[in-house]
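Scroll down for the structure; my scribbles are underneath it.
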Amino acid sequence: MAESIYFLKSFGAIKIGYSADVATRIRDISIYAPLQPDLLGTIPGDRHFERAIHGHLKKHHLKGEWFSDCSEVREVMARLFEVGAAAINFVPPTPTTRREGAIARVIRVMREKYPQRTAAELSTRTGATERTAGYWLSGRCNMSAENLANLLQSEDGFLVLEAIMGDSKLEWWRKFKRQMELAAARRDLESAQARLAKVKRDDAALNA
């Protein structure tokens, strides 16, 4: 199945996510959603591209993979549908990049998620000094096992674990990722329910 970036609209927000099987992903989300989400479109892409889009739209981020449904987000989406990665100047990893070491992959995904102040973000999550994190980014040295463990225990832990595992086809890893996708679908439901409750409260206040 083709890897894709999908764009869903639900309760005034847009979810930008990645899946190797968009139809199944949407079905999982729909199981828990009170209303059927509206698929706005898909484009070919992997998790690197997804993170680059998230970083590009960071100022419109709401929670998780959800972003404001505003004119700027819509304009970026339209450009993505039209020209793909060129819309945000994203350069896909080359085959050589895909064979890089696990730590190098971790550094790369952190750069993609935090294009601004990457060293500071790494410092916060690993317990290392910002100067040391800068050395990691420049390739002067690698992070220690303790620093990596701290990063795995941060809110970016799953992202880091994905970078470490790479293209692993181990059965336990495939099952674990599936469970994480189901957990993400449940979080999406909770977020959608919260937005629905707010809309209902606002409507009740207007009609009071």
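Please treat every number below as a calculation from the coordinates, not as lab data. Remember, predicted model here, so these are calculated numbers, not experimental data. No Cβ is skipped: glycine too gets one built from the backbone with ideal geometry, and neighbour counts run over all protein chains shown.
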Quick check on Phe49: is it assigned to a strand (DSSP E or B), aromatic (Phe, Trp, Tyr), surrounded by 14 or more Cβ atoms within 10 Å (Cβ to Cβ) and in contact (Cβ under 8 Å) with a residue 40 or more places away in the chain? no
Within the bounds of the stretch 97-107, is there any residue that is crowded, with 16+ Cβ neighbours inside 10 Å, in contact (Cβ under 8 Å) with a residue 60 or more places away in the chain and outside any loop (DSSP other than H, G, I, E, B)? yes
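Pick from the stretch 15-46 the residues that are in a loop (DSSP other than H, G, I, E, B) and among the small types (Gly, Ala, Ser): which of them is farthest from Leu189 (Cα to Cα)?
Gly45
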Answer with yes or no whether Ala163 is surrounded by 14 or more Cβ atoms within 10 Å (Cβ to Cβ), touching a residue at least 24 places away in the same chain (Cβ under 8 Å) and farther than 20 Å from Asp28 by Cα. yes
Condition set in contact (Cβ under 8 Å) with a residue 12 or more places away in the chain and not in a loop (DSSP other than H, G, I, E, B), scope the stretch 134-145, selection nearest to the chain's Cα centre (by Cα): answer is Leu137
